[in-house]
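The values are calculated or read from the model by the stated rules, or taken from the named source; none is laboratory data. Keep in mind that this is a model prediction, so the values were computed, not measured. Neighbour counts run over all protein chains shown; Cβ positions are idealised from the backbone, glycine included. Ligands, DNA and RNA are stripped out before the accessible areas are found, and what is left, the full protein with its side chains, is counted by its heavy atoms. Shrake-Rupley method; radii C 1.70, N 1.55, O 1.52, S 1.80 Å.
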Amino acid sequence: MQNGLLAAALAYVIWGLFPLYFHQLTRLGAFELVLHRTVWALCFLLCVLAWRRQWRWLGQALRQPRLLGLYAASAALLSVNWLIYVWAVNNGHVLEASLGYFINPLVNVLLGVLVLRERPRPLQWLALTLAASGVLWMAWRTGAPPWVALALALSFGLYGLIKKTAPLEAFEGLTFETLLLALVAVPLLIGWDLTGHSSMTGAPASLWAWLLLAGPLTAIPLLLFGHGARRIPLGTLGLLQYISPSLQFLLGVWLFHEPLQPDRLAGFALIWLALLLYSGETLWRARLVAPRPA
């Protein structure tokens, strides 16, 4: 369990520090950066597959139309999430991006109600109400809903919903998604390069080095997360996930000096209160159902 806890925490720390990485690549537009991220992530994943000699599942997956459709949908949601996140970080919206991942656990509860017909407990309903109040407050005070945060939370929530019922294991599923995305990304990158529209034309070697890191930086935290998720309780994993948006929030305020007006802070406070209530209720329920020592 100790190894699992360390692996999951490290995954969330890496995700929380992503703004530092993407700020090194502001020369690229968000769309082009996502295309490169897809290609280099696939290269890394294929190297791991070659090392593990696990190829048989790929041929079987490619022969199943339903599986192709399912993972094409999850790949599309993942690419939308990446695109919005990279655009947000490189355009001074780190705080709003962090808000999206604070909201995400509560979006998962809402999707469970709407899609899986799950029944939230009373305190979970209260947490959802508080979070919705925080979003509505910010929308009213700023004149527009926090679209970046809502789009990030919803796209990743829907992605998680598909992954919940997907048949492939985490690593194979990620590889399959990335392969499907690369079928679009590679031709687009080649076309941009041939027409002279690529931002990487004439780029220094240091920029290429940063870009090549996108492969392991995309895959490694997902592998760490998968390792940890199998070894620690779900309630513990749920609490650890707040490491990532908390780090992003701190980076946005103290390093990138994004403005945090009192009205916006009040909205964040309502959402933090909702998360505190949700997490406390989850831990309490986990303790109630945990087997007692004989």
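Annotation: average projected area of the stretch 108-184 is 7.1 square nanometres, based on the convex hull of Cα atoms across all directions. One quarter of the convex hull surface built on the alpha carbon atoms of the stretch 71-141 amounts to 5.9 nm², the projected area averaged over directions.
The region of the chain that goes longest without hitting one of the trypsin sites (Lys or Arg not before Pro) in a DSSP loop, each with at most 13 other Cβ atoms within 10 Å, is 118-229.
Per residue, the solvent-accessible area of the chain (1.4 Å probe, heavy atoms of protein chains only, all protein chains present) comes to 52 Å².
Starting from a Cα-only point model with no solvent, please compute log10 I(q)/I(0) by Debye for the stretch 18-164 at q = 0.13, 0.14, 0.19 1/Å. Debye curve over Cα of the stretch 18-164, log10 I(q)/I(0) at q = 0.13, 0.14, 0.19 Å⁻¹: -0.76, -0.85, -1.20.
Using 0.36 nm per residue and subtracting the Cα-Cα separation, the extra length available between ALA132 and LEU116 on full extension is 3.7 nm. A simple rule links phi to the HN-Hα coupling: the Karplus curve 6.51 cos²θ - 1.76 cosθ + 1.60 with θ = phi - 60°, which for the stretch 179-184 gives 4, 5, 5, 5, 4, 9 Hz, with x for Gly and Pro.
Using a probe of 1.4 angstrom, how much of the accessible area of the stretch 1-110 is carbon and sulfur, in percent? Using a 1.4 Å probe with all protein chains present, the stretch 1-110 comes out at 65 percent carbon and sulfur.
Straightening the chain between VAL186 and SER206 buys 5.0 nm, computed as 0.36 nm per residue apart minus the Cα-Cα spacing.
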